[in-house]
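Shown next, in structure tokens, is the structure this report addresses.
The values are calculated or read from the model by the stated rules, or taken from the named source; none is laboratory data. This one's a predicted model, so the numbers in the text were calculated from it and none came from an experiment. Reconstructed Cβ throughout: ideal geometry from the backbone, glycine too, with neighbour counts over all protein chains shown.
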Amino acid sequence: MIRSLFLIVGLASLALMLSFGACTTDTGPGSGDDDTPTPSATPSASATPALFLQVCNDNGSLTMGNADTLTCGDVTGTWDWDIYTLTVEAGDCIHIYADNGAGAADLLAFAWDAAGKTYGLKGDYTQLEDEGMCSVEPWYPLAACPEASLITTESGPFNVGIAQWPSGCSVDGPSEYTLYVSVNGLDTDLSTVPTQQDTALPELD
């Protein structure tokens, strides 16, 4: 229930910034969602709203991960995000995978392209929440790490945000994570791209 309460509070505040439906509230585990890690399969294009980025199949080799740490955010459900900005072409397939480490973070991710199409922060935890394996068992039971491959709809900046659920953050300090991003199967050196740390998500039109 703790995780779902943070989702409700956090998404309520994000709804003021994200005026379209990328962030939908849900009662989460308390309404029958046991937060069991979901497979990599995602809804078909006909079942996926047009505002969401569509999925693709390319994966990278996971050889160029960028290691960093995340702070806890605050008790009101506000997440602190690290945001990475890549330059991509329309139609590129972007694979995103975030692994945890010391601190046993329960990670989540959010992605958006130059057209404002998004993926993540879905109330049923099926977008960049619990798709991939974690190196360390997250503090939340049955949670997993975020992973997805997404098709860009417009050339320009493509943003990947990574955060952790604040309710179970490590009290000993920031939690470790490693983020992997590939473009059309080729790993990206995230140490060379613009990055914002410990920030809020921007307002998206």
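Of note, ASP92 does not satisfy the criterion of being within 15 Å of GLY161 (Cβ to Cβ) and in contact (Cβ under 8 Å) with a residue 12 or more places away in the chain.
Applying the condition of being of a type outside the set (Asp, Glu) and at pLDDT 90 or above to region 122-133 and asking which residue is surrounded by the fewest Cβ atoms within 10 Å (Cβ to Cβ) yields MET133. Once region 151-183 is narrowed to residues that are more than 19 Å from ALA67 (Cβ to Cβ) and within 12 Å of the chain's Cα centre (by Cα), the residue that is surrounded by the fewest Cβ atoms within 10 Å (Cβ to Cβ) is ASN159.
GLY103 satisfies every condition listed in (1) at positive phi; (2) crowded, with 24+ Cβ neighbours inside 10 Å except (2). Residues of region 139-150 being over 17 Å from GLY120 (Cα atoms) and either crowded, with 22+ Cβ neighbours inside 10 Å or in contact with a helix residue (DSSP H, G or I) (Cβ under 8 Å, 6 or more places away or on another chain) (or both), which ones? Residues satisfying the conditions are TRP139, TYR140.
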